[in-house]
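Report on the following structure.
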Amino acid sequence: MAPAKRKKPAKRKTAARRLVSPARRRRAPRRRRKSARPRLEPFARAAAELGVFALTALIGLAALFAYFASDLPDPAGLWREGGGPRITLLAADGAPIMLHGVAQGAPIRLSQLPDHVPEAVLAVEDRNFYHHFGANPVSIVRALIVNANEGAVRQGGSTITQQLAKNVFLSSDRTMKRKIQELMLAFWLERKFTKNEILTLYLNRVYFGAGAYGVDAASFRYFGKSARHLSVGEAAVLAGLLKAPSRYAPTANPEDAGKRGRLVIEQMVAARFLTRREADAAIAEPVLLAAPRFEAAPYFVDHALKEVRSLTAEIDADFIVRTTFDPRVQAAAETGLTAGFAMAGDGLDEVEAAAIVIDSEGAVRGMIGGRDYVKSQYNRATQAQRQPGSAFKPFVYLAGIMRGEAPDSHVLDAPIEIGAYAPGNYKDKYYGEVTLREALARSLNSAVIRVQERTGRAFVRETARRMGWPGDLTSGPSLGLGVDAVSPLDLAAAYAPFANGGFRVKPYVIERIETVDGDLVYQRKGSIIEEAAPASAIAEMNDMLASVVDWGTGRAASVPGYRVAGKTGTSQESRDAWFAGHAGGLVGVVWIGRDDNRPMNDITGGRTPAIVWREIFSRALPPASYVPQTEDPDPIAAILHAGG
């Protein structure tokens, strides 16, 4: 008997599965394949944490950036300082004028400089300037190491771009905050400007010591010429100043400046800016310093800036202003004032002084508005209105000559009364019948009043105004004795026709104004206004004015080698003392008095003002030869009679 067949378990399980209802089947757990997802969860978690960290870091960096940027200056005002237009004043020869201790040179383009000027700077300050993005990582790391070893900030590692950012926008504080701000601004500069533009800005703004900002100002300060004409050795000396302007100043430490300059030349060789032969030639060539220039003229600067602002009131720009200023004349005025007061003796400690020097066309070459600018900024040369006294008399005699008088015409010098008015001579000394020449030379009051009365006061006033007298003139008999107030500058302008042949001029200090971009804003078109008097009358008056200095009250103003034509002036009770005159194409006025208008101790125009005038002009004029007149009928009396 065959054995019975066994049922297959698989079939039994299948059958059993078929007996399960659909609902039961849904509730039955399904066997799932083992998933790989749990293996990815640690990576997802790490990525999420990294994202949160990155977001937090970005927020932190943004907050840090906002902190450092909160007090950053606006870089859009790169050429602006102090919230207003930047004004560069230049002397007549193009040299920058110091504005209260600081000289800012006129902007000069990189293309206008010899190649060795920027190369000298790059060799010692930033040899990789054209290859970095505003910061040099190698230099920064090196500086960090040095500072860490020193325990303080000793080395900056700054590029030229960073130095420009610091010089223009930031303080010199050595802090981490300032350093980060410097980097931020450097990156902005690199993005905004080309490399050549950045280097141009740097060379025009960096400090070279002695109050000189910019390479052109430094070149004039140390070498007396524009940076356009610097030699290799001179450029090296200037580049060497940048590390420590005071220590390496050639005017104060020529030996250290020379060593530093030679080091710069060696660095230029290392940077392949110079060959060995060129470097040896530059080292062998002497570097000569210019004679010291008188660059501080605060009263002139104040007056010039006032004029500039009036001429550019409606223009929003930075300006380069060419003025009439002559440093040599200004130095002569400053030194002459000091020397004159020293020669005049005691009793002058409490008096003030003003001096003005213009040329025959009205250009102001030098100006002193007071004895000490620090103590008083009041400009007596342009603002003080004082009585000129006998310095007005030349206009009376000029009117007389234009009406037919002559230098040798006679006039009575004796007491005179015109109604209640009875002027007297200095110390009541009278000379009787005298010529007009002698009357002017001795400054005789009664004689000039007689000339005035026979000429006509109206014509005297008209003549004075034609010569350039700016203010009102009295119609009374005291007109000829200079009772109407005038400033030293205006009196100098009224005397200018005596120096130029008879033409009225308008005094000025500004020749030309341009924007830093080269746009012309103002150009002086001429200062001669009209003919003031016939040339023949002017010649006769100059002959008379020369007598004043040769043997009259103005003998103390005589300048060896020059024909000086001028007049002394003293107001009532010596409240004002003057000397006004011209020589060698220059016109000068010196005033001495007190600001409160109190009398001085018998100071007359023929003494201290004449001495000061002589000391100024003997320095301002080159040597010359002139033989003074010797026609004084009474030379001893003229010496004694030094009134005015």
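The values are calculated or read from the model by the stated rules, or taken from the named source; none is laboratory data. Computed from a prediction, not measured in an experiment: that's the story for all the values here. Counting neighbours? That spans all protein chains shown, and the Cβs are built from the backbone with ideal geometry, glycine included. Just the protein is used for accessible areas: all its heavy atoms, side chains included, with ligands, DNA and RNA removed. Shrake-Rupley method; radii C 1.70, N 1.55, O 1.52, S 1.80 Å.
Some observations on this one:
- Computed log10 I(q)/I(0) for segment 406-558 at 0.13, 0.16, 0.17 Å⁻¹: -0.69, -0.98, -1.09, from the Debye equation with unit scatterers placed on every C-alpha and solvent omitted.
- Amide H contacts under 5 Å for Arg365, placed H, 5+ residues apart: Val357, Ile358, Asp359
- Whole-Hz Karplus values for segment 250-260 come out as x, 6, 9, 10, x, 5, 5, 5, x, 4, 5 Hz, taken residue by residue from phi with 6.51 cos²θ - 1.76 cosθ + 1.60 and θ = phi - 60°; glycine and proline positions read x.
- Segment 217-270 shape via C-alpha gyration tensor axes, a/c threshold 1.5: oblate
- Backbone phi angles across segment 586-599, fed through the Karplus curve with coefficients 6.51, -1.76 and 1.60 (θ = phi - 60°), yield HN-Hα couplings of 10, 10, x, 10, 10, 10, 9, x, 10, 5, 8, 6, 6, x Hz in residue order; Gly and Pro are listed as x.
- Here Ser536 sits with roughly 80 square angstrom of accessible surface, probe radius 1.4 Å.
- Residues whose placed amide H lies under 5 Å from that of Ile87, excluding near-sequence neighbours: Phe319
- Surface calculation, 1.4 Å probe, protein heavy atoms: Arg461 sits at approximately 40 Å² accessible.
- When the convex hull of its Cα atoms is viewed from all sides, segment 272-329 shows a mean projected area of 7.7 nm².
- The candidates Tyr378, Tyr202, Tyr522, arranged from most to least accessible area with a 1.4 Å probe in the full protein assembly, appear as Tyr378, Tyr522, Tyr202.
- Eigenvalues of the alpha-carbon gyration tensor of segment 366-482, scaled by 5 and square-rooted, set the equivalent ellipsoid semi-axes at 29, 17, 14 angstrom, largest first.
- For segment 428-487, dividing the convex hull volume of the Cα atoms by the residue count gives 103 Å³ per residue.
- Per residue, segment 221-311 exposes 52 Å² of solvent-accessible protein surface, assessed with a 1.4 angstrom probe and all protein chains in place.
- Near Ala103, the amide H atoms lying under 5 Å from its own belong to Ala212, Tyr213; only residues 5 or more places off or on other chains count, and H is placed 1.01 Å from N.
- Radius of gyration, Dmax [segment 213-304; alpha carbons; angstrom]: 14.7, 51
- When each of the peptides 427-434, 118-125 is scored by how many other beta carbons lie within 10 Å of its residues on average, the order from highest to lowest is 118-125, 427-434.
- Whole-Hz ³J(HN,Hα) from phi, Karplus 6.51 cos²θ - 1.76 cosθ + 1.60, for segment 561-569, glycine and proline x: x, 10, 7, 9, 10, x, 8, 7, x
- Inter-probe distance in nm under a simple model that places probes 7 Å from Cα toward Cβ, at Glu314 and Ala47: 6.8
- Rounded to the nearest 0.05, the FRET efficiency derived from the C-beta distance between Arg512 and Ala422 at R0 = 56 Å is 0.60.
- Placing a label point 7 Å from the Cα of Lys259 along the Cα-to-Cβ line, no residue of segment 277-316 has its backbone N under 13 Å from it.
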